[in-house]
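This is the structure, below, for whatever I ask next.
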Amino acid sequence: MKNYDKVKSAKLCYEHIGGKLGQLFLEVLIAKGWLAKTEPSDRDLYITELGESQLTAFGIDLSQIKS
């Protein structure tokens, strides 16, 4: 039997990673310079050139993202 007390939860929000995992993942992508905002007050982020190369190297097919 598995010990579920040691499992960290991840949450789906619609078809996206939500919860603490989603928050931490977003913070890391911004800190690494893979995602950025045009203006600090913007809600939308964009994938930087560095992010595009790194995410592609990680195996993420960015052609699946609608512009």
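Of a type outside the set (Gly, Ala, Ser) and either loosely packed, with under 11 Cβ neighbours inside 10 Å or under 12 Å from the mean Cα position of the chain (by Cα) (or both): which single residue out of 52, 15 fits that description?
Answer to the check: 15.
For a quick check of your reading of the model, give me the residue pairs whose first member lies in segment 23-38 and is farther than 19 Å from residue 12 by Cβ and without any contact (Cβ under 8 Å) to a residue 40 or more places away in the chain, whose second is assigned to a loop (DSSP other than H, G, I, E, B) and not charged (D, E, K, R), with beta-carbon atoms closer than 8 Å and at least 6 apart or on different chains.
30/45; 33/48; 34/48; 35/45; 35/48; 36/45; 36/48; 37/45
Identify, from the list 35, 26, the residue that is out of contact with any Lys or Arg (no Cβ under 9 Å at 6 or more places or on another chain), modelled with pLDDT of 95 or more, surrounded by 11 or more Cβ atoms within 10 Å (Cβ to Cβ) and within 20 Å of residue 64 (Cβ to Cβ).
Answer to the selection: 35.
The values are calculated or read from the model by the stated rules, or taken from the named source; none is laboratory data. Everything numeric in this text was worked out from a predicted model, so none of it was measured. Heads up, the Cβs are rebuilt from the backbone with ideal geometry, glycines too, and the neighbour counts pull from every protein chain shown.
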